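Take a look at the structure below.
Only the coordinates and a few stated rules stand behind these numbers; no lab work does. Keep in mind that this is a model prediction, so the values were computed, not measured. Ideal geometry is used to build each Cβ from the backbone, glycine not excepted, and the neighbour counts take in all protein chains shown.
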Amino acid sequence: MKILAITNQKGGVGKTTTCVNLAASLAHHGKKVLLVDLDPQGNASTGSGIDKAHLTHSIYHVLLNDKTLQEVIVHSEQGGFDVAPSNRELAGAEVELVNEMARETRLKQAIAKLGDAYDYVLLDCPPALNLVTVNALTAANSVMIPMQCEYYALEGLSDLVNTIKKVRAHLNPVLEIEGLLRTMFDNRNMLASQVSSQLVSHFGKKVYQTVIPRNIRLAEAPSYGMPVLVYDKASKGAMAYLELANEIIHTKQ
């Protein structure tokens, strides 16, 4: 079972879009996929067609040891994958976990109980380096960092890399950066092309070959509660995420 944390403390980089559409694309390739929504905004849940407003239980209850992961999982009919959903309740988990024992490993323990039920577990992290994100990094085997190719992206990247190093040193020695994913890419933009080249020269094979283009269909799909693969399979966005799934399956073992 591959556990992939998809994280970037910078918001608006296509993190949740990547989680939902990669989950659907991996499922399309015949893989059993669980998407764990760790963001209190619950956008990955709604983007998968889950009604977060009427959840009885969520990932919040798992982190507090009130429920098992199996008890909160729901199926995304639209995407063909399972979801451990989230809503605003999760915002309180940070405070409630502060004095708890082994608080950084709650998610790791919960996922371990799933056995080999899934081929891939995707963790959609909040846009912050907080306790919930540390739980995700402690549970994961590897990290995917979605990022826009813009000036400030490189600045934030060093903070995230340092956090990953600290988690590896103290909580999860097997954690590694699997890849950097260039998102919302516009090849007509000179700066984007320059930053992209810098990333490749600095990180080499850690940069995914697949590039996710800026695409209106990708932006529209969440409002219909479905992955872009269902909303418009022929769109550039859908084709790019299918390509990314294929790259992960075949070259990132």
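Within the stretch 8-36, the set of residues being β-branched (Val, Ile, Thr) and either closer than 17 Å to Gly49 by Cβ or assigned to a helix (DSSP H, G or I) (or both) comprises Thr16, Thr17, Thr18, Val20, Val33, Val36. Among residues of the stretch 1-24 that are within 19 Å of Leu157 (Cβ to Cβ), those with a beta-carbon under 8 Å from a residue that is assigned to a helix (DSSP H, G or I) and among the acidic types (Asp, Glu) at least six positions away or on a different chain give the pairs Gln9/Asp159.
Within the stretch 76-100, being hydroxyl-bearing (Ser, Thr, Tyr) and either in contact (Cβ under 8 Å) with a residue 60 or more places away in the chain or not in a loop (DSSP other than H, G, I, E, B) (or both) holds for one residue alone: Ser76.
Scanning the stretch 198-217 for residues that are closer than 14 Å to Met147 by Cβ and hydroxyl-bearing (Ser, Thr, Tyr) returns Tyr208, Thr210.
Just to verify a result, which residue in the stretch 195-244, among those that are assigned to a loop (DSSP other than H, G, I, E, B) and over 20 Å from the mean Cα position of the chain (by Cα), is surrounded by the fewest Cβ atoms within 10 Å (Cβ to Cβ)? Only one residue tops the list, namely Ala234.
Of everything in the stretch 4-41, what is surrounded by fewer than 23 Cβ atoms within 10 Å (Cβ to Cβ), within 15 Å of Val132 (Cβ to Cβ) and not small (Gly, Ala, Ser)? Give them in sequence order. Gln9, Pro40, Gln41 - these are the residues of the stretch 4-41 that are surrounded by fewer than 23 Cβ atoms within 10 Å (Cβ to Cβ), within 15 Å of Val132 (Cβ to Cβ) and not small (Gly, Ala, Ser).
For Ala192, the conditions (1) of a type in the set (Gly, Ala, Ser); (2) closer than 21 Å to Ala23 by Cβ; (3) surrounded by 12 or more Cβ atoms within 10 Å (Cβ to Cβ) are fulfilled apart from (2).
Can you report the number of residues in the stretch 122-156 which are in contact (Cβ under 8 Å) with a residue 40 or more places away in the chain and within 30 Å of Met190 (Cβ to Cβ)? Reasoning before the result, please.
Of all residues in the stretch 122-156, those in contact (Cβ under 8 Å) with a residue 40 or more places away in the chain come to 122-129, 132-133, 135-137, 139-154, 156.
Remaining after also requiring within 30 Å of Met190 (Cβ to Cβ): 127, 143-154, 156.
Selection size over the stretch 122-156: 14.
Here Ile50 fulfils each of the conditions (1) under 17 Å from the mean Cα position of the chain (by Cα); (2) closer than 21 Å to Ser142 by Cβ; (3) of a type outside the set (Lys, Arg) apart from (2).
Does Thr68 meet the test of being closer than 18 Å to Leu55 by Cα, among the hydroxyl-bearing types (Ser, Thr, Tyr) and surrounded by fewer than 17 Cβ atoms within 10 Å (Cβ to Cβ)? Steps first, answer last, please.
Details: closer than 18 Å to Leu55 by Cα: yes; among the hydroxyl-bearing types (Ser, Thr, Tyr): yes; surrounded by fewer than 17 Cβ atoms within 10 Å (Cβ to Cβ): yes.
When the stated conditions are applied, Thr68 passes them.
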